[in-house]
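The values are calculated or read from the model by the stated rules, or taken from the named source; none is laboratory data. Model, not experiment: these values are computed from the prediction. All Cβ positions, glycine included, derive from the backbone under ideal geometry; neighbour counts span all protein chains shown.
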Amino acid sequence: MGLFLYLYFMTIKQLHALFLKHPKICSDTRKVKKGDIFFALKGDTFDGNTFASKALEQGASFAIIDNAEFDLNNKKTILVKDTLKTLQELAKFHRNYLGIPIIALTGSNGKTTTKELIHSVLSEKYNTIATLGNLNNHIGVPLTLLTMNSETEIGIVEMGANHPTEINFLCHIANPDFGYITNFGKAHLEGFGSIERVIEAKTELYRYIKADHKIVFINANDPIQLEKSKSIQCFSFGNKDANSNVLVEFIGANPFVKLKFSELKIESYLIGTYNFSNIAAAIAIGTYFKVPKEAIKRGIENYTPNNNRSQIINKNGNTILLDAYNANPSSMKAAIENFEQLVATKKVLLIGDMFELGKDAEKEHQNIVDLISSKNFDVVYFIGKNFFKTIINKTIATKVESFEDAKNALFSQKFSNCSILIKGSRGMALERLLEIL
């Protein structure tokens, strides 16, 4: 049992003191580096406790475990009741220890892009740490907080949720001083059940901020945000409301979003009118934190999307709009409507299934088919089992049941001088289509 009795009663404060001496956390032995503290987390198909000895062999300073069978009796295994809960409590303690401003953001669409934009703008003036990628759940939020240190001036924490109460839970770990909700859309309907419950769940962030008498950033053009943020201290932005704290004017998006802020013209590398509010939010938050206007402009213009999010790729004489990181009915509709507005000789849609829609899957996929059928695109491919079940009335559209079927069907196609939109849920991995286009 080794140091079971001593370690069982180790307080979070004591563990935090150890963390300050070894301020790197890892939960994956494939990524362990010398000096890391390894947390033996559990997954659906693995038990991190079984990797504790390997982590120590690879250079980890300590291994946090919750199964006494894996105590190595070498003063390097620290036994706790629950490794995940300990990680979360350590992150909460560390956040409060640092005492820096924390901005939390959630929403149905655009969370990660908005987070990256805010990070780019605030980094022009401050030492800023933001969620890496989309590590925005009950594990990712603690890991993000634990990457912050005494040199960090502002933290930006993305929060995702697919069930009620998750945002509230994450708020109690991150204890945000500021909150922003990008929008309310038809995402994760399988877990939430309805758009009304999506709104209720996302506004858990508002309720937490209100209870703590702190500040939310509000898109004044969004009536739901205005309604749900009543009686909360707000800092607002918009392109219509003269009473907003920050006014941002939309110029166009063909394909990149252009806008004007305080007489400054900003040309982004983001496609889609739907990204206007994401950029505007970053401008407003930069303004609140007194980032100089020219630095805000630089922060926006220096941001280039990646990871299959709103990327533009020129290949074989075609312009490909790759937006294959994720999809839900709201983001799919916005992408299609934006694509319709672009000036192009020939437009091709390669559209993949949307996941996590539960009982609404059939209806929502048919809605997308009907939307596309009402427009004048030149070539359309619907890819996936859900779209394969839909009814299509246009001869220009082709249904295929799997990615392999799509690959085979497109292999003989020779697209030239086309604009091609690729959009689908992460599980479809439609970026693989780039190999044959």
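Miscellaneous remarks
- Tally, over region 368-383, of residues that are surrounded by fewer than 18 Cβ atoms within 10 Å (Cβ to Cβ) and either of a type in the set (Val, Ile, Thr) or at pLDDT 95 or above (or both): 1
- Qualifying residues in region 28-55 (those that are buried (at least 22 other Cβ atoms within 10 Å of the Cβ) and among the aromatic types (Phe, Trp, Tyr)) - the one modelled with the lowest pLDDT: Phe51
- Identity of the residue in region 384-410, outside any helix (DSSP H, G or I) and among the hydrophobic types (A, V, I, L, M, F, W, C), that ends up surrounded by the fewest Cβ atoms within 10 Å (Cβ to Cβ): Ile391
- Single residue of region 171-218 satisfying the filter (in contact with an Asp or Glu (Cβ under 6 Å, 6 or more places away or on another chain) and modelled with pLDDT under 85) that is farthest from Lys363 (Cα to Cα): His188
- Some residue of region 423-435 being hydroxyl-bearing (Ser, Thr, Tyr) and more than 18 Å from Ser331 (Cβ to Cβ): no
- Every residue from region 318-328 that is modelled with pLDDT under 90 and not polar (S, T, N, Q): Asp323, Ala324, Tyr325, Ala327
- Exactly one residue out of Gly133, Gly107 is farther than 24 Å from Thr203 by Cβ and either modelled with pLDDT under 95 or crowded, with 22+ Cβ neighbours inside 10 Å (or both), and it is Gly133.
- Among residues of region 108-126, those that are outside any helix (DSSP H, G or I), of a type in the set (Gly, Ala, Ser) and either in contact with a strand residue (DSSP E or B) (Cβ under 7 Å, 6 or more places away or on another chain) or on the phi < 0 side of the Ramachandran plot (or both), counted: 2
- Region 359-380 residues that are over 16 Å from Ala334 (Cα atoms), paired with ones that are in a helix (DSSP H, G or I) and of a type in the set (S, T, N, Q) (beta carbon under 7 Å, 6 or more apart): Ala361/Asn386
Table: residues versus (1) at pLDDT below 95; (2) surrounded by fewer than 21 Cβ atoms within 10 Å (Cβ to Cβ); (3) touching a helix residue (DSSP H, G or I) at 6+ places or on another chain (Cβ under 6 Å); (4) in the same structural domain as Val198 (by TED's automatic domain parsing).
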site	(1), (2), (3), (4)
Thr113	yes, no, yes, yes
Ile118	no, no, yes, yes
Glu124	no, yes, yes, yes
Thr144	no, no, no, yes
Thr152	no, yes, no, yes
Thr165	yes, yes, no, yes
Phe169	no, yes, no, yes
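- Of everything listed in (1) touching a residue at least 40 places away in the same chain (Cβ under 8 Å); (2) within 21 Å of Tyr325 (Cα to Cα), the single unmet condition for Ser402 is (1).
- Subset of region 268-317 [more than 23 Å from the chain's Cα centre (by Cα) and either closer than 17 Å to Phe237 by Cβ or at pLDDT 95 or above (or both)]: Lys290, Val291, Pro292, Lys293, Glu294, Ala295
- Given (1) crowded, with 23+ Cβ neighbours inside 10 Å; (2) at pLDDT 90 or above, index of the condition Ser236 fails: (1)
- Enumerated strands (runs of 3 or more DSSP E) restricted to region 289-381, each holding at least 1 residues that are hydrophobic (A, V, I, L, M, F, W, C) and farther than 23 Å from Thr395 by Cα: 311-315, 318-323
- Search result, residues across region 63-104 that are among the polar types (S, T, N, Q) and surrounded by fewer than 24 Cβ atoms within 10 Å (Cβ to Cβ): Asn67, Asn73, Asn74, Thr86, Gln88, Asn96
- Flag for Phe415 being free of Cβ contacts under 8 Å to residues at least 60 places away in the same chain, within 25 Å of Gln311 (Cβ to Cβ) and either in contact with a Pro (Cβ under 6 Å, 6 or more places away or on another chain) or not in a strand (DSSP E or B) (or both): no
Residue by residue, here is whether (1) part of a loop (DSSP other than H, G, I, E, B); (2) free of Cβ contacts under 8 Å to residues at least 12 places away in the same chain; (3) touching a helix residue (DSSP H, G or I) at 6+ places or on another chain (Cβ under 9 Å) holds:
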residue: Asn49; (1), (2), (3): no, no, yes
residue: Ser53; (1), (2), (3): no, no, yes
residue: Leu56; (1), (2), (3): no, no, no
residue: Ile64; (1), (2), (3): no, no, yes
residue: Asn74; (1), (2), (3): yes, no, yes
residue: Lys81; (1), (2), (3): yes, no, yes
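- Scanning region 164-171 for residues that are of a type in the set (Asp, Glu) and not in a helix (DSSP H, G or I) turns up nothing.
- Within region 241-255, considering residues that are without any contact (Cβ under 8 Å) to a residue 40 or more places away in the chain and touching a Phe, Trp or Tyr at 6+ places or on another chain (Cβ under 7 Å), the one nearest to Leu322 (Cα to Cα): Phe250
- Of all residue pairs spaced 6 or more apart or on separate chains, none has beta-carbon atoms under 7 Å together with a first member in region 28-44 that is in the same structural domain as His16 (by TED's automatic domain parsing) and free of Cβ contacts under 8 Å to residues at least 24 places away in the same chain and a second member that is loosely packed, with under 10 Cβ neighbours inside 10 Å and aromatic (Phe, Trp, Tyr).
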